[in-house]
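Note sheet for the following structure.
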Ligand SMILES: [Zn+2]
Ligand SMILES: [Zn+2]
């Protein structure tokens, strides 16, 4: 059984930033949780897909998260109807379809 990280951080605590505020306004829950398997950090959560190949990710270690665009991992499941991993390229631990299968 896989154990996930679920490190929590609050997005954009008390700091004004136009670009960040637009993203934060679109989130119902400003709390982020890490989407990777247990690891030493930094931690990551995808906020939304920017296009078919790039996701906008929040990354944090201690305190405030920063936003960075990262290419998708894209590794496909085996079999006739493959799903592509939507985690970022080079992520540690299992792929997204191992978490949600
Ligand atoms: Zn983490
Ligand atoms: Zn992957």
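Every number here is computed from the coordinates shown, using simple stated rules; none is lab data. The shown structure was predicted, so the numbers you read here are calculated from the model rather than taken from an experiment. Here the Cβ is made from the backbone with ideal geometry for all residues, glycine too, and neighbour counts use every protein chain on show.
Placing R0 at 22 angstrom, the Cβ-Cβ distance between residue 6 and residue 76 gives a FRET efficiency of 0.25 after rounding to 0.05. Tell me, in nm to one decimal, what length is gained between residue 83 and residue 52 on full extension, where the rule is 0.36 nm per residue of separation less the Cα-Cα distance? Here the segment from residue 83 to residue 52 would lengthen by 9.8 nm.
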